[in-house]
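Down below is the structure, laid out as structure tokens.
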Amino acid sequence: MLRRSILPALIAAFLVAVALVLVQPARPARSAAAPVRIMPLGDSITAGPGCWRAKLWHRLQTSGYTNIDFVGGVSDGGGCNPGYTYDFDHEGHGGYSATGIADNNQLPPWLAAARPDVILMHLGTNDMWGGYIPLATKLTAFTKLVGQMRAQNPAVKIIVAQIIPMSQAACATCPADVIALNNAIPGWAAGLTTAQSPITVADLWTGFDAVADTGDGVHPNDAGFQKMADRWYPALTQALGATPPSPSTSPSASPSVSPSRSASPSASPSSSRSPSASASPSSGGSRCTATYRVISQWGGAFQAEVTVTNTSATASSAWTTTFTFANGQQVSQAWNTTLTQSGATVTARNVTYNGTVAPGASTSLGFLASWNNTTNTAPAVTCTLT
């Protein structure tokens, strides 16, 4: 009788346990991993039009790297018009130099807003103009920027470009100085890379033709942007992989071209540059606005930038800006524009690759000019769109 009484009790207990399991609420599904935040960091080659970003984004998406987010405080508004969707966000600033960004501590607030996991840095082009800045100063600026990146995110992955070449016609001293920087980058990167925050070098120099792959000897055309995207891709996918690069991994080889003359920058005035106050924006009417700012200035020369923003409801096909200097300034070199100066009046027009500006988007031009070392008043700028 005892054994018979135990069996029904065991069966009842089992049924109660099954019922409890069945009525348990379903556990919530595991949340998807957050997208990897990738910051394209650079100058006008990244900013406007900077269409290597669109091409790189598209290749990543079509090859399965979909859980990514390009980040930065600037948007191109879709101005590349590649025929497919892409992420507009970036941290490219036309006319900016690595030394200027470092000297003026401009990077930390950009990093705080964007919170990148990976940074693609193509900087140094605007440090080349005129051969004024020594190589050691450029590398010191790079080192400071890396320190600021790691202060914001100790585990940030940094991909530094050996920058694309510049043509002799655009800047006589620049081709050799670009090679000097690019040859120094692998050793510099190897000395700073860590297991937690690896630095990878992306060779964007090799195979890039400064004449055939640009519109002006400096800024890429569509073929040049495609070459840039193709060179970024393997370095970025390595960073996106499950295993980060080893700190002992050597960066990619330096350019295999030696300049025919010394790659050392020419003797120059002091490279210390006091930050100049930015100019107040001026409006060219309801269709666009233009702002002028001095990025840096030194003995006898300065670098400035004009940014044009489309405030209309339709994309532009061309733009023009005009301003008049008050203190005898004379433009010596310009980029991202066809620029003419008649007396004190400067007229700057778009070039073939940056005339189209989407509603709400911006594009920038830059130039080098002389000044009298006493007064460098920022002129008012007007702009028109067609």
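Here, each number is a calculation from the coordinates, and none is a lab measurement. Quick caveat, the model's predicted, so the values are computed rather than measured. Counting neighbours? That spans all protein chains shown, and the Cβs are built from the backbone with ideal geometry, glycine included.
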Give the cross-link partners of K55 among the aspartates and glutamates, using a straight C-alpha distance below 12 Å as the criterion and excluding same-chain residues fewer than 8 apart.
D87, D222, D230
Rg/Rg_globular for the range 36-240, with Rg_globular taken as 2.2 N^0.38 Å and Rg from C-alpha atoms:
0.94
Go through the range 357-364 residue by residue and turn each phi into a ³J(HN,Hα) via Karplus (6.51, -1.76, 1.60, θ = phi - 60°); whole Hz please, and just put x for glycine and proline.
10, 5, x, x, 8, 9, 9, 10
Rg(Cα)/(2.2 N^0.38 Å) for the range 135-192, N = residue count:
1.29
Highest first, please rank the peptides 207-214, 302-309 by the mean number of other Cβ atoms sitting within 10 Å of their residues.
302-309, 207-214
Rounded to the nearest 0.05, what FRET efficiency do T143 and S167 give with R0 = 22 Å and r taken as the Cβ-Cβ distance? Could you check?
0.15
Length-normalised contact order of the range 82-198, Cα under 8 Å, at least 6 apart, in percent, tallies to 29
Per 5 angstrom bin, beginning at 0 and ending with the bin that holds the maximum distance, the Cα pairs of the range 39-103 fall in percents of 4, 18, 29, 23, 15, 7, 4, 1
Under the Debye formula (equal points on every Cα, no solvent term), log10 I(q)/I(0) of the range 282-385 at q = 0.18, 0.19, 0.22 Å⁻¹:
-0.79, -0.86, -1.11
Kindly work out what percent of the DSSP beta bridges joining two residues of the range 94-234 are antiparallel, to the nearest 5.
10
Sites Q330 and T62 - FRET efficiency at Förster radius 45 Å, r taken between beta-carbons, to 0.05:
0.40
Rounded to two decimal places and with Rh computed the Kirkwood way over Cα pairs, what is Rg over Rh for the range 311-370?
1.03
Sorted by mean Cβ packing within 10 Å, highest first, what order do the peptides 335-348, 87-100 take?
87-100, 335-348
